[in-house]
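The values are calculated or read from the model by the stated rules, or taken from the named source; none is laboratory data. All values reported here derive from a predicted model rather than from experimental measurement. All Cβ positions, even for glycine, are placed from backbone atoms using ideal geometry, and neighbour counts span all protein chains on display. When the accessible area is computed, the model is the full protein with side chains, heavy atoms only, and any ligands, DNA or RNA have been set aside. Shrake-Rupley method; radii C 1.70, N 1.55, O 1.52, S 1.80 Å.
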Amino acid sequence: MARLKKRYWIPSLILLIIVILSLYGWRYWLSFKDEHNLSIDWQGIDIGLGGLSFDELTISQQPQLSLKASNVKLSLSTFTAKSIDIYWSDSTDKSGLPKVTDTQELNQSSPNSSTVSTIIYWLPNNINVDSLTFYQQKKELVNLKVQATKEQNTIQLNLSSNNQHTLTANLSFDQLNSCFEIKEGVLTTSLNQFGIEKGNLTLPFTGVLTSDKVILKSSDNALFNIEKAKFSDDLIVKPSVGKLTFEVTIPISLESKQINAKSTLTINKFDGIFKASEFKSAVGNIDISFNNNQFTISTPALTIQQVNIGVNFEKIRLAGSYSASLNAPSKGLVKWTKAQAAIFSGSVFLDQGQLNLAKLPQQFNLRLKKIQLKDILAKYPADGLAGDGAIDGTLPITLLPSSKKGTAFNEVVIKNGQLVTVNEGYLQFENTALKNYAQANPNMKILTDIIKNFHYTKLSGMVSYQNEIAKLGLNIQGNNRDVENGKAVNLNINLEENIAKLLISLQLSDQINEPIRKRIEAYLKRKS
């Protein structure tokens, strides 16, 4: 009998200690539960030397927070769960206004620093959750697999998702400031969402987690590489690389209108297609910020080597911003300090200004400087036509709301656009059709002789554009020194062209890539 008592003395003492600790822990839990207005329910509980286990466990703090877990096992060293679902509901009434009393109660019930320190102290050293899912208003936000290891006051966290996203970070609690410090964080993702077909992002960060918000910022340049992306039917991105820095403040309620964020995107290479136009080698910095349901995209200096819309715009330089509400992203304010491009060995540019897309119609002036006539004729050739000279001009462009259903793009109208030559030049026009015309109409022989080698002293024009139709009225003054002793001649010429069809024909005559060709063919098929 003495031996039997001695044999079971040590296990009995251990069991007594476990019972005392369990009773103390249960009493602490009841106190904590009452203090923070928590309710708890469970099914299939089992208590043993290995700790506690539940088939199902539900903890809620009504009306905002609810946690449901399955296959939970808890001991002093380990916590495991097959799944944990966390549901968050905004504290609002039917009118959409916040319930102040609920918010106050929630703030008052937030754990103090000593409570958090105690929880961390008793937290198991190893935590594994196969599926941790967050919901807001019953809508799934994210699903994660969680692995965590506690070493003293630091928690090494590893999160991964089914979408090939992984996040690692070290968390430590700052009792003085009542917040968690996030250090050595790294987010690695495959970037296979939001239209990106293949890409990757490596994002190092640090941050702070308080009771009501999360503050994150990059600790180094994030590197991204996009091999191909289709953000919409209109926008396709080719292989692109760049860097990203950011700083973001997110409220725990996860309301987008309360998110404050700013980031800088450094583009080292950016090629792509927008509608039936191709752009190449975009380089520069783009700043993006979100604040109070507003977003702003700005660039201090963005350079695009080439944009081909049928006519090549080269060495495009942009500096400006676009601001709008998240509720009406296409009704924003455009401001620019620089907008210029090279074209036909000359340039086009906008004077510094702004456009309010929420208050159309809006007007701005596109200015042309030293556009070379010979380059225009080389791009848009006519049989037997040659010429030389430089042209300046101003095109007043008016943006109107779209009158076509199913399109968000604004209509463009030009009225009383003006063109004028910078200096003297010449025009030469002679071909078989013109000779036949002169033979059939003897009265026109002098005119056809004059324009065989016409030297002009002044060339001016009036430009209008609407519904894809451009009209050009030219007045040309000069002479042909070899005809009628160089008598002065005043020519008036009116031209009309469907610009959309012209640009399409110019594109098809170039070596364009296959996606653009398919888009043009689809457009022509719809038109027919």
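Is it true that some residue in region 358-367 is in a strand (DSSP E or B), in contact with a helix residue (DSSP H, G or I) (Cβ under 6 Å, 6 or more places away or on another chain) and not acidic (Asp, Glu)? Checked against the condition, which is being in a strand (DSSP E or B), in contact with a helix residue (DSSP H, G or I) (Cβ under 6 Å, 6 or more places away or on another chain) and not acidic (Asp, Glu), region 358-367 yields no hits at all. Here Asn498 meets each of (1) modelled with pLDDT of 85 or more; (2) open to solvent by 40 Å² or more (accessible area, probe 1.4 Å) with one exception, condition (2).
Here's the yes/no breakdown for (1) closer than 30 Å to Lys501 by Cα; (2) of a type in the set (Gly, Ala, Ser); (3) exposed (fewer than 15 other Cβ atoms within 10 Å of the Cβ):
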{"site": "Val311", "(1), (2), (3)": "yes, no, no"}
{"site": "Ala319", "(1), (2), (3)": "no, yes, no"}
{"site": "Tyr322", "(1), (2), (3)": "no, no, no"}
{"site": "Leu350", "(1), (2), (3)": "yes, no, no"}
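Among the residues making up region 443-488, a single one is in contact with a helix residue (DSSP H, G or I) (Cβ under 6 Å, 6 or more places away or on another chain), surrounded by 16 or more Cβ atoms within 10 Å (Cβ to Cβ) and over 19 Å from Glu430 (Cα atoms): Ala470.
Taking region 274-298 as the range and being within 30 Å of Ile376 (Cβ to Cβ) and either open to solvent by less than 60 Å² (accessible area, probe 1.4 Å) or over 15 Å from the mean Cα position of the chain (by Cα) (or both) as the test, the residues that pass are Lys275, Ala276, Ser277, Glu278, Phe279, Lys280, Ser281, Ala282, Val283, Gly284. The residue that is modelled with the lowest pLDDT, among those in region 249-271 that are farther than 30 Å from Lys518 by Cα and among the aliphatic types (A, V, I, L, M), is Leu254.
Here Phe231, Phe279, Phe290, Phe246 are screened, and the one residue that is more than 24 Å from Pro204 (Cβ to Cβ) and at pLDDT 80 or above is Phe279. Each residue in region 358-393 was checked for being in contact (Cβ under 8 Å) with a residue 60 or more places away in the chain, crowded, with 17+ Cβ neighbours inside 10 Å and not small (Gly, Ala, Ser), and 1 of them qualify. Output the qualifying pairs, or none if there are none: Cβ atoms under 6 angstrom, residues six or more apart or on different chains, first residue in region 169-185 and at pLDDT 90 or above, second residue of a type in the set (Asp, Glu). Correct list of pairs: Asn170/Glu184; Glu181/Asp174.
For first residues located in region 338-353 and over 17 Å from Asn308 (Cβ atoms), partners that are surrounded by fewer than 17 Cβ atoms within 10 Å (Cβ to Cβ) and of a type in the set (Phe, Trp, Tyr) and lie 6+ apart or on another chain with Cβ distances below 9 Å form the pairs Lys338/Phe349; Ala339/Phe349; Gln340/Phe349. A count restricted to region 49-71 and to residues that are closer than 20 Å to Ile127 by Cβ and at pLDDT below 90 stands at 10. Can you tell me which residues in region 125-148 are within 22 Å of Gly51 (Cα to Cα) and open to solvent by 50 Å² or more (accessible area, probe 1.4 Å)? Answer for region 125-148, where residues must be within 22 Å of Gly51 (Cα to Cα) and open to solvent by 50 Å² or more (accessible area, probe 1.4 Å): Asn125, Asn126, Asn128, Asp130, Gln147. Taking the conditions exactly as written (open to solvent by less than 60 Å² (accessible area, probe 1.4 Å), aliphatic (A, V, I, L, M) and under 20 Å from Val463 (Cβ atoms)), does Leu355 satisfy them or not? For Leu355, the condition - open to solvent by less than 60 Å² (accessible area, probe 1.4 Å), aliphatic (A, V, I, L, M) and under 20 Å from Val463 (Cβ atoms) - is not met. The criterion of at least 3 residues that are within 30 Å of Gly185 (Cα to Cα) is met by the following strands (runs of 3 or more DSSP E) wholly inside region 231-341: 240-251, 260-269, 277-291, 294-308. Before we move on, is Leu491 surrounded by 11 or more Cβ atoms within 10 Å (Cβ to Cβ) and within 42 Å of the chain's Cα centre (by Cα)? Criteria not met by Leu491.
A count restricted to region 122-145 and to residues that are free of Cβ contacts under 8 Å to residues at least 60 places away in the same chain and assigned to a strand (DSSP E or B) stands at 16.
In region 24-48, the qualifying residues are those that are at pLDDT below 75 and not in a helix (DSSP H, G or I), and the one that is most open to solvent (accessible area, probe 1.4 Å) is Asn37.
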